[in-house]
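K.L.:
I have a structure here, written as structure tokens, and I will follow up with some questions on it.
The values are calculated or read from the model by the stated rules, or taken from the named source; none is laboratory data. Nothing here was measured: the structure is a model prediction, and the numbers come from that model. Because the Cβ atoms are built from the backbone with ideal geometry, glycine has one as well, and the counts that use them run over all protein chains shown.
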Amino acid sequence: MTLDDQPGPSGGIFTPALLDACISCGFCLPACPTYAETKDEASSPRGRITLMRALEAGVLPPDDPTLAEQASQCLGCRACEPVCPAGVQYGQLLEEWRDHQWDGRQRPLVVRALTLVVSRRWLVRLMGRLRRPGPGGGRSGPWLMLGCFERALFPRVSRAALRLRPELTAPDRQGCCGALHAHNGDSATGERLARELGRDLPGHIVTTAGGCAAHLSHVLGRDRVSELSEYLVANAHVPAARVLAEGRPARVGLQDSCHLRNGMNVTKEPRQLLREVSEYVELASAGTCCGAAGTYSLLRPKESRAILAAKLDEIEAAKLDYIVVLNPGCQRQLQTGVRRRRLTTRVLHLAEILDRAQDPGSAAME
């Protein structure tokens, strides 16, 4: 059965202009990590858009197992967007698809639990207070956004960012930005939380999480949001020293944040900063997904580890002292992978390694 056989009425699931933009050229296939793993057309952006069109037209029922599988299997890394000659906004289509596919009890239990936690501002504040992320410097912006789970899992990141730029303010009253919701079937709540955060932090917002930066810039506007490396370069940050390993300049690689790279086109700034403080090594896989992909590593751990495996091979072969990340999900993913492989490479956030360059003795304190 084809779309021509049974066109049906519009289902109202997708924004027509977004769905119609795809010309099925296939440029996206080589960029897609899940297609690279499976070589299955359905596991590519073009294949998934074909499924979206079938769902919208009524050719496939909403409970079709292929729809459920592919809505879940997609990483949501948006690597297809920069290579698309038609400018398809695949990330927006995926959000609309999951809004429908993961509605109510269809949403995975892990996702429901995580979004429930970060929807409660008092819980988010409590997570931060238990781990003591960096205190704010004043009562007005520019603001440092404290990531929900980042403030609990990686509190050193915000502390380092505030040491680098003391003019930033990081009030602990701030809540979730809504990125977790938007990427996991509840874009309405995702937008509401982003707007609430925008009201709580009026003016310019700086974030250490690439996924949060992309979501906030989409909702609040690009001019209101900067990722940390953008902010540092724009404000002419000058490192005090180079980061050393065994008396020589440290060999450092980078893991891009997918949404930061593919959604906001931020790639030059972190590399510029790392070249100033280290012997920077550009990994061939730096711009490809590490397999964390928000909740993906929890929902599909086997596929997530398979995607990470080749990246760990490259990190090991490059004999890196540090692999630097721009997103807390990537930090958790790579730390777990490096530990399982028993590699000597350390995983640090960009803020942490730049903080070491300001205070070379700080490495000895960890």
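Quick grid of which residues meet (1) in a strand (DSSP E or B); (2) more than 20 Å from the chain's Cα centre (by Cα):
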| site | (1), (2) |
| --- | --- |
| 270 | no, no |
| 287 | no, no |
| 292 | no, no |
| 302 | no, no |
| 308 | no, no |
| 314 | no, yes |
| 324 | yes, no |
| 335 | no, no |
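K.L.:
Here is a follow-up. Tell me, please, whether a residue that is at pLDDT 95 or above and either assigned to a loop (DSSP other than H, G, I, E, B) or not assigned by TED's automatic domain parsing to the domain that holds residue 142 (or both) can be found in region 210-222.
P.N.:
Looking for residues that are at pLDDT 95 or above and either assigned to a loop (DSSP other than H, G, I, E, B) or not assigned by TED's automatic domain parsing to the domain that holds residue 142 (or both), one finds at least one in region 210-222, hence yes.
K.L.:
Among what's in region 173-215 and is among the hydroxyl-bearing types (Ser, Thr, Tyr) and in contact with a Ser or Thr (Cβ under 8 Å, 6 or more places away or on another chain), pick the residue that is nearest to residue 68 (Cα to Cα). Lay out the reasoning, then the answer.
P.N.:
Applying the first criterion (among the hydroxyl-bearing types (Ser, Thr, Tyr)) to region 173-215 yields 187, 189, 207-208.
Still in the running and in contact with a Ser or Thr (Cβ under 8 Å, 6 or more places away or on another chain): 189, 207-208.
Numbers: 189: 22, 207: 33, 208: 32 Å.
Result: 189.
K.L.:
Output the number of the condition that residue 240 fails; it satisfies all remaining conditions of (1) without any contact (Cβ under 8 Å) to a residue 60 or more places away in the chain; (2) surrounded by fewer than 23 Cβ atoms within 10 Å (Cβ to Cβ); (3) not in a helix (DSSP H, G or I).
P.N.:
It is condition (1) that residue 240 fails.
K.L.:
Further question: Just one of 250, 293, 213, 306 is surrounded by fewer than 16 Cβ atoms within 10 Å (Cβ to Cβ) and in contact (Cβ under 8 Å) with a residue 40 or more places away in the chain; which is it?
P.N.:
306
K.L.:
With 95, 37 as the choices, which residue is within 25 Å of residue 255 (Cα to Cα), touching a residue at least 24 places away in the same chain (Cβ under 8 Å), touching a helix residue (DSSP H, G or I) at 6+ places or on another chain (Cβ under 7 Å) and surrounded by fewer than 16 Cβ atoms within 10 Å (Cβ to Cβ)? First the steps, then the outcome.
P.N.:
Working: 95 fails: surrounded by fewer than 16 Cβ atoms within 10 Å (Cβ to Cβ).
So the residue among 95, 37 that is within 25 Å of residue 255 (Cα to Cα), touching a residue at least 24 places away in the same chain (Cβ under 8 Å), touching a helix residue (DSSP H, G or I) at 6+ places or on another chain (Cβ under 7 Å) and surrounded by fewer than 16 Cβ atoms within 10 Å (Cβ to Cβ) is 37.
K.L.:
Which one of these does residue 301 not meet: (1) within 25 Å of residue 180 (Cα to Cα); (2) touching a residue at least 12 places away in the same chain (Cβ under 8 Å); (3) surrounded by fewer than 24 Cβ atoms within 10 Å (Cβ to Cβ)?
P.N.:
(2)
K.L.:
Same structure, new question: Are any residues in region 35-63 under 18 Å from residue 88 (Cα atoms), among the polar types (S, T, N, Q) and in a helix (DSSP H, G or I), and if so, which ones?
P.N.:
43, 50
K.L.:
Still on this structure: Among the residues of region 64-86, what is the count of those that are in a loop (DSSP other than H, G, I, E, B) and touching a helix residue (DSSP H, G or I) at 6+ places or on another chain (Cβ under 9 Å)? Walk me through it before giving the result.
P.N.:
First, the residues of region 64-86 that are in a loop (DSSP other than H, G, I, E, B): 64, 74-86.
When the remaining residues are screened for being touching a helix residue (DSSP H, G or I) at 6+ places or on another chain (Cβ under 9 Å), the result is 64, 74-84.
The total comes to 12.
K.L.:
Can you pull out the residues in region 244-264 that are at pLDDT 95 or above and either assigned to a loop (DSSP other than H, G, I, E, B) or among the acidic types (Asp, Glu) (or both)?
P.N.:
The answer is 250, 256, 257.
K.L.:
Right, next: Taking the conditions exactly as written (of a type outside the set (A, V, I, L, M, F, W, C), modelled with pLDDT under 95 and touching a helix residue (DSSP H, G or I) at 6+ places or on another chain (Cβ under 9 Å)), does residue 267 satisfy them or not? Spell out the reasoning first.
P.N.:
Numbers: of a type outside the set (A, V, I, L, M, F, W, C): yes; modelled with pLDDT under 95: no; touching a helix residue (DSSP H, G or I) at 6+ places or on another chain (Cβ under 9 Å): yes.
No: the conditions fail for residue 267.
K.L.:
Related question: Taking helices (runs of 4 or more DSSP H) that fall entirely within region 105-155, which contain at least 2 residues that are at pLDDT below 80 and either of a type in the set (Lys, Arg) or in contact with a strand residue (DSSP E or B) (Cβ under 8 Å, 6 or more places away or on another chain) (or both)? Break it down into steps so the answer makes sense when it comes.
P.N.:
Numbers: elements: 109-119, 121-131, 150-153.
Once the helices (runs of 4 or more DSSP H) in region 105-155 are filtered for at least 2 residues that are at pLDDT below 80 and either of a type in the set (Lys, Arg) or in contact with a strand residue (DSSP E or B) (Cβ under 8 Å, 6 or more places away or on another chain) (or both), what remains is 121-131.
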